[in-house]
Structures are given as C-alpha cells and as structure tokens.
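Participant: Please see the structure below; I have some questions.
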Amino acid sequence: MSRIMRTMLSLLLASSVAAVACGGETATATPAASPAVPQPSASTSPSVAHAPLTPEAIRALIAAPDRTDADRKTDVQRHAPELLAFIGVGPGMAVADLGAGGGYTTELLVRAVGPSGKVYGQNDPELLKKFMESRWAARIALPVNKGVVRSDRPFDAPLPPEATNLDLVVDYIFYHDTVWIGVDRAKMNAAVFAALRPGGAYVIVDASAKDGHGVTDVKTLHRIEQSVVESEEKAAGFTLASKAEFLRNPADARDWSSSPGAAGDRLGTEDRFVLKFVKP
C-alpha cells in the first residue's frame, strides 16, 4: 500500500477505521458463555459450487446464542439476513473478507461456511497496527473464529498464494478507503480475480456518492460513485451479476460524511449500493 502523509492518515483514517472502516461496526465484547461451535477445516474449497444457506439456516445463524449484543446491534444497521442471502454464502465454501476490520463480517462468514469451509480475514498490516489489532485479535480469539486464517497483507496483494479456488470475496464498505489511502486497485482487483474459482463472486458494499462525483468524496464524505466501482471491476474481467436494494436510501442527500465519527446517529442510514460481480 502507498504511504500517504502522516497527518492525513491520522485525521482521516482515525474516523473511518476507528469504528472499523466506515461500516460502523460496534466493538465486540467476549460472550459470557460460548457453546461449542464447529470450526472451519483447513482445506481449500474445490472448484465447484456449494449450496447457499437456506432462509431457516440464516435465521438460526443470526439467532445463535453465543453472538454478542454488539454484533446484534450491527445486524440492524447492515441488514445481516438480507446480506447473507444476497451473497449466497453456504456450508463448505472458501471465502475471504477484505478490510475485515474488527471482524463482524468475518464471523458471519465463519458461521455460514461451517466446519467444512474456510475463511480468510484480510487487514492491511499498517492499519491493523495503528487502529485495530486489539479488536481483531479479540474477535478471532473467540471460539467460533478459531479457524480464521489471518491475512495481514496490503490491499494490492490481499491474499496468500494458497488462497485459490475461492467461492466468495467480500469487501464491506472499505472500497472507497482503498482509493484515498493509495491502494493500486487494479492490482487488488486482479488478485481477487485470480483467487476466485470460475463462477466465484466478488461482493462490494459501499456508501454511494452523487452521480458525477466519481472518487471526489472518498476522503471528505467517505463515499464513492457506484459507476466507478462497476467500471473498475469490469476492467478487471468481472461480470456484474446482480445488485441489491436492501441498503438503498433514496432520501439520503449524499452530502454528509458516512464515517462513523461524523455520521453519529445517522450511521447506517446512508445510501449504500450492494453489487455482486462474478468471475466468468
């Protein structure tokens, strides 16, 4: 990752990453009691499709008694049941969470893939060291997350060489941050493309900027224009397979910062696009 001015990193990244990027992830507390939960296996998913979670399985996952109250609060902001249904994650899959932050999405993926699946959780080492190591370490120390494979790597080479034939890669509300912190996004997207199996999905969720704003608002409002993401993924070889509306908010003026430190009570009400790209 390219290094930017220390002052900019301190002022801007502190607000966007302190609550785990711009997703507003609530800090995780260790549950009082955690029942035994099957752990993902160490094997990588073969290049075949797996069945997604059923609606009943999604409800059971969300209601799991060992989940924290903090995560249940984040469920509401992120529409977790709808997200899980849209991304199509299921038992036995090999998946990756880019910009994992404090690990909220990572844990959802772990619970979804089950004992026969595998989950990589990626964080940039510099950002991790400055802002998130204690929260990330606490998250993956939970019994349910014992099998998470840490990928402490820069965004333009986010996954280890052994991460191949992946079924799914998720980037939840960190794509715009990769712009202003200087990531080579062409390299990042190419790395994701290479890691996925044919037919594998790359799901990107982010806060939308006004039409015509492109990447102008990535630093100030922590938003990016949807068409920019679509164009960059098309250039990487992906096909846009589907879009979801469950995080859209037509009433959002898109003129305020979606960073948790600035958004306050409005966090989670910003207009967010949800895109699923597929490797042909």
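The values are calculated or read from the model by the stated rules, or taken from the named source; none is laboratory data. Please read all numbers here as calculations on a predicted model, not as lab measurements. Neighbour counts run over all protein chains shown; Cβ positions are idealised from the backbone, glycine included. In case anyone asks, the SASA skips ligands and DNA or RNA and just uses the protein heavy atoms, side chains included. Shrake-Rupley method; radii C 1.70, N 1.55, O 1.52, S 1.80 Å.
Participant: What number comes out for accessible area per residue over the range 44-146 if the probe is 1.4 Å? Units Å², please.
Facilitator: About 36 Å² of surface per residue is accessible.
Participant: Please give the per residue accessible area of the range 197-250, computed with a probe of 1.4 Å over protein heavy atoms only, in Å².
Facilitator: Details: 2310 Å² over 54 residues.
On a per-residue basis, the range 197-250 sits at 43 Å².
Participant: By a straight-distance test (C-alpha under 17 Å), which lysines pair with Lys118 as possible cross-link partners, with residues fewer than eight away in the same chain excluded?
Facilitator: Lys146
Participant: Using only the alpha-carbon atoms of the range 92-229 as identical scatterers, what base-10 log of I(q)/I(0) does the Debye formula give at q = 0.09, 0.14 Å⁻¹?
Facilitator: The calculated log intensity ratios at q = 0.09, 0.14 Å⁻¹ are -0.26, -0.63.
Participant: Would you kindly state how much longer the chain becomes between Ala141 and Glu56 on full extension, computed as 0.36 nm times their sequence separation minus their alpha carbon distance, in nm to one decimal?
Facilitator: 27.8 nm
Participant: Hey, what do the phi angles of the range 54-66 turn into as Karplus ³J(HN,Hα) couplings, whole Hz, using 6.51/-1.76/1.60 and θ = phi - 60°, x for Gly and Pro?
Facilitator: So the J values, rounded to whole Hz, are 6, x, 5, 5, 5, 4, 5, 4, 5, 8, 3, x, 8.
Participant: Same structure again: Setting aside same-chain residues fewer than 8 positions from Lys219, which lysines have a Cα under 19 Å from its Cα?
Facilitator: Lys130, Lys210
Participant: If each of Leu240 and Lys73 carries a label point 7 Å out from its Cα toward its Cβ, how far apart are those two points in nm?
Facilitator: My value for the distance between the label points is 3.5 nm.
Participant: Give me the number: length gained by fully extending Asp184 to Ala262, i.e. 0.36 nm times residue separation minus the C-alpha to C-alpha distance, one decimal in nm.
Facilitator: 25.4 nm
Participant: When the accessible area of the range 209-280 is split by element with a 1.4 Å probe, what percent falls to carbon and sulfur?
Facilitator: Answer for the range 209-280: carbon and sulfur cover 51 percent of the accessible area.
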